[in-house]
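Read-outs throughout are calculated quantities, based only on the coordinates presented, and are distinct from any laboratory measurement. Since we're looking at a predicted model, the values are computed, not measured. Neighbour counts run over all protein chains shown; Cβ positions are idealised from the backbone, glycine included.
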Amino acid sequence: MVVFDKPHALTDVPMHYCPGCTHGIVHRLVAEVIDELSIEGKTIGIAPVGCSVMAYNYFNCDMIEAAHGRAPAVATGVKRADPENHIVFTYQGDGDLASIGMAETVHAAARNENITIIFINNAIYGMTGGQMAPTSLPGQVTQTSPYGRDPKLCGYPIRVCEMLSELEGPEYLERVTVNNVKNVKNAKKAIKKAFQNQIDGKGFSLVEVISACPTNWGMTPQAALKWIDDKMIPYYPLGVYKDRSAKEAE
Amino acid sequence: MAKLTFKTDNCKGCGLCVDACPKHLLRIAPDKINKKGHHPAEITDPDACVGCAFCATMCPDCIIKVER
């Protein structure tokens, strides 16, 4: 009996991500959820700009490549064009969603667009070589903050889930991570719920995944996963930040 | 008995599976090199594997198939 195999919604193309990059794990979780909900034929994914720019090579469903940060706007268009027959998700990094695409993200959330957003937060710009991102931690050394991020000069990191939870619009906001087996299973539950919300027509669902970037953090893959526990989670606490349906049911 | 199958040529040798294995059965093969030029993961004692699939759960490249 096969206990575990590559999900059908992932293609056989070898991923270009660095060794130990957790993008691969999140790709697989999304693909597993697409398989489990049997929605591969009607799912349209929106790829971002960033490391996951070539996500369209890895998913078996239809994919669109959006301009930098504009994935929620493209997703809005796709979803509104045919809301009954399409399941639309975007897969975005922190440089894409929390920096250049902040306006699109906030307004999509405020409008409660019925889309699913998978937000990868690795606290750095990966593809361009490790520059400081809006989510880089205070004191974090990056290419553009060689002495550590100084909040007096560069401001403070943005906590996207907390910020969006203040809006009336969004249906579901949760922050998860994938640095060990237990957290991977929790992350899958959250991603599944985000897709199920869309199928049920509940509205905007965003899952923030705290992710590792061993190459640009300058660590081994193992040390990077530990760094998530030690440094990232204290600043970005895991948990559900908004779940409107569950709250109304109380 | 559990059986692990590795798509060795897609392995990048990150070692996340090695750390995930509760029975410490996996290692990065020091004497093998795959098509990509990485040392791939391998199982040292296939008979002791219980097929928990923790290694496959943590593998970013989805190279491990677990049968039980």
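Per-structure values
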read-out	value
Residue order, fewest to most beta carbons within 10 Å, for B:55, B:21	B:21, B:55
Förster radius 41 Å - calculated FRET efficiency between residue A:245 and residue B:31 (Cβ-Cβ, nearest 0.05)	0.15
Cα-based convex hull volume of the protein assembly as shown per residue, rounded to whole Å³	135
Theoretical ellipticity at 222 nm over chain B - DSSP helices of four or more residues, -39500 (n - 2.57) apiece, nearest 500	-3000 deg cm²/dmol
Cα gyration tensor, region B:3-67 - rounded (a/c under 1.5), prolate or oblate	prolate
Distance-filtered residues of region A:86-102 - backbone nitrogen under 18 Å, label point 7 angstrom along residue A:16 Cα→Cβ	A:91-96
Difference of contour (0.36 nm per residue) and Cα-Cα distance, residue A:54 to residue A:107	16.5 nm
DSSP beta bridges in the protein assembly as shown [antiparallel fraction, %, rounded to 5]	40
Inter-centroid distance (Cα atoms) of region B:1-60 relative to region A:203-246, Å	25
Listed residues A:126, A:101, A:239, most fluctuating in chain A (Gaussian network, C-alpha, under 10 Å)	A:239
Förster-model FRET efficiency, 51 Å R0, residue A:199 and residue A:223, C-beta, rounded to 0.05	0.85
Listed residues A:238, A:153, A:37, most fluctuating in chain A (Gaussian network, C-alpha, under 10 Å)	A:153
Ranking of A:145, A:52 by count of other Cβ atoms within 10 Å, fewest first	A:145, A:52
Using distinct alpha-carbon pairs, which all enter the 1/r mean, Kirkwood radius of region A:39-186 in Å	16.2
Region B:3-67: relative contact order as a whole-number percent, Cα under 8 Å and 6+ apart	44
Separation of the residue A:153 and residue A:1 label points, Cα + 7 Å toward Cβ, nm	5.9
Residue-count net charge about residue A:240 - beta-carbon cut-off 9 Å; Lys, Arg +1, Asp, Glu -1	0
Fewest-first ranking of A:59, A:4, using other Cβ atoms within 10 Å as the exposure measure	A:4, A:59
Per-residue mean of C-beta atoms belonging to partner chains within 10 Å, peptide B:49-57	4
Averaged over A:8-20, number of beta-carbon atoms from partner chains that fall within 10 Å	3
